[in-house]
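To keep things clear, I will list the structure first and then write my remarks on it.
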Amino acid sequence: SPNLQSMKGSCHARLKQGRLASSSFNKALEINNRFLPAMMGMGALLMENDRYHPALEQYKRVLEIDPNHLQANLQTGRCLLQTGHPFEAESHIEKALQFARRERPDITVAMANVYRDQDNFEKSREFFEKAIELQPDNIGLLMNYANTLVVFGHSDEAETHLRKALSLDPSNTRTIRALANVGVGLDDKNFADIIEAAQKQDNLSVEDAMHLHFALGSILTKQKKMILLKLLNT
């Protein structure tokens, strides 16, 4: 049964058993080479491993069979974004928006990312703001929007969204690093306390420690620059 093999593939994928997942999806397609769930599962598995070109081939096969497949259009757009084709991605994500029966933040964010990569800041902002209305407490979304604001020179606005993200999860070291990068320093007592608390976590991972070191490095570099500028101006 292609359905059973595809379900097995999905279970293996959830358990991070990539080879077993791939084998099950391939078996499903050997039984029925037009079985869309197996193609979609294989595409998702490839994307998780940053293999965007072969994933794109899977989604294109789905769209050849069903051009109006919502998720295939969305994933095709995402793959095209990752491979540097934001203008091609736009039409697919627009289709996904059109076919969605309700407002979906994931599709809205994908469209925001399309316009960001097209250097269309105003349209990107419009879709990010809409997505935040739908999911105001989504840390990943707040971080994504903040990064976009920084790219387009709006660091003050970015700081507002990053502070909200940090208030939702004070131990998130990626947010701490991002705030340090936009100019928040140790003179901000609340921020300094958050860094100190994060450093004292018992189970601090190597990745978290790296983000904290980068944050402190960024702060110290900016402080040194400010001291040098004051000396030069005296």
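The values are calculated or read from the model by the stated rules, or taken from the named source; none is laboratory data. All values derive from a computational prediction rather than experimental measurement. Quick reminder, even Gly has a Cβ in these numbers, built from the backbone with ideal geometry, and neighbours come from all protein chains shown. The accessibility values were calculated without ligands, DNA or RNA, using every heavy atom of the protein model including side chains. Shrake-Rupley method; radii C 1.70, N 1.55, O 1.52, S 1.80 Å.
Going through E57, E103 one at a time, which residue ends up being over 25 Å from V150 (Cβ atoms), part of a helix (DSSP H, G or I) and acidic (D, E)?
E57
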Odd one out for R19, checked against (1) outside any helix (DSSP H, G or I); (2) more than 19 Å from I107 (Cα to Cα): (1)
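Return the only residue of E122, E133 being part of a helix (DSSP H, G or I), without any contact (Cβ under 8 Å) to a residue 12 or more places away in the chain and under 18 Å from the mean Cα position of the chain (by Cα).
Values: E122 fails: under 18 Å from the mean Cα position of the chain (by Cα).
Checking each option against the conditions leaves just E133.
Among the residues of the stretch 145-162, how many are surrounded by fewer than 18 Cβ atoms within 10 Å (Cβ to Cβ) and in a helix (DSSP H, G or I)?
Filtering the stretch 145-162 for residues surrounded by fewer than 18 Cβ atoms within 10 Å (Cβ to Cβ) gives 147, 150-157, 160.
After this cut, where a residue has to be in a helix (DSSP H, G or I) as well, the list is 147, 150-151, 155-157, 160.
Total meeting the criteria: 7.
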Hits in the stretch 200-216 - residues which are modelled with pLDDT of 90 or more and either more than 25 Å from the chain's Cα centre (by Cα) or under 16 Å from D187 (Cα atoms) (or both): A215
Residue list for the stretch 22-46, restricted to those being open to solvent by 60 Å² or more (accessible area, probe 1.4 Å) and either within 19 Å of C79 (Cβ to Cβ) or in a helix (DSSP H, G or I) (or both): N26, K27, E30, I31, P37
Single unsatisfied condition, N49 versus (1) surrounded by fewer than 17 Cβ atoms within 10 Å (Cβ to Cβ); (2) modelled with pLDDT of 95 or more: (2)
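I want to confirm something. Restricting to the stretch 72-92 and keeping residues that are in a helix (DSSP H, G or I), polar (S, T, N, Q) and under 17 Å from the mean Cα position of the chain (by Cα), which single residue is nearest to D106 (Cα to Cα)? Quick ask: steps written out before the conclusion?
Filtering the stretch 72-92 for residues in a helix (DSSP H, G or I) gives 72-82, 86-92.
If we keep only those that are polar (S, T, N, Q) too, we end up with 73, 75-76, 82, 91.
Now restrict to residues that are under 17 Å from the mean Cα position of the chain (by Cα): 75-76, 82.
Numbers: Q75: 11, T76: 14, Q82: 16 Å.
Per the stated criteria, the residue is Q75.
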Among (1) in contact with a Lys or Arg (Cβ under 8 Å, 6 or more places away or on another chain); (2) open to solvent by 50 Å² or more (accessible area, probe 1.4 Å) - the single one E122 does not satisfy: (1)
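With the structure loaded, tell me whether A131 is under 30 Å from M111 (Cβ atoms) and among the hydrophobic types (A, V, I, L, M, F, W, C) or whether it fails that test.
Numbers: under 30 Å from M111 (Cβ atoms): yes; among the hydrophobic types (A, V, I, L, M, F, W, C): yes.
Answer is yes for this residue.
In this structure, is I107 touching a Leu at 6+ places or on another chain (Cβ under 8 Å) and farther than 27 Å from E88 by Cβ?
No, not satisfied.
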Identity of the residue in the stretch 181-215, acidic (D, E) and not in a helix (DSSP H, G or I), that ends up surrounded by the most Cβ atoms within 10 Å (Cβ to Cβ): D188
Any chance R116 is more than 23 Å from F87 (Cβ to Cβ) and open to solvent by 20 Å² or more (accessible area, probe 1.4 Å): no
Qualifying positions in the stretch 55-107 - open to solvent by 60 Å² or more (accessible area, probe 1.4 Å) and in contact with a Phe, Trp or Tyr (Cβ under 8 Å, 6 or more places away or on another chain): N68, Q82
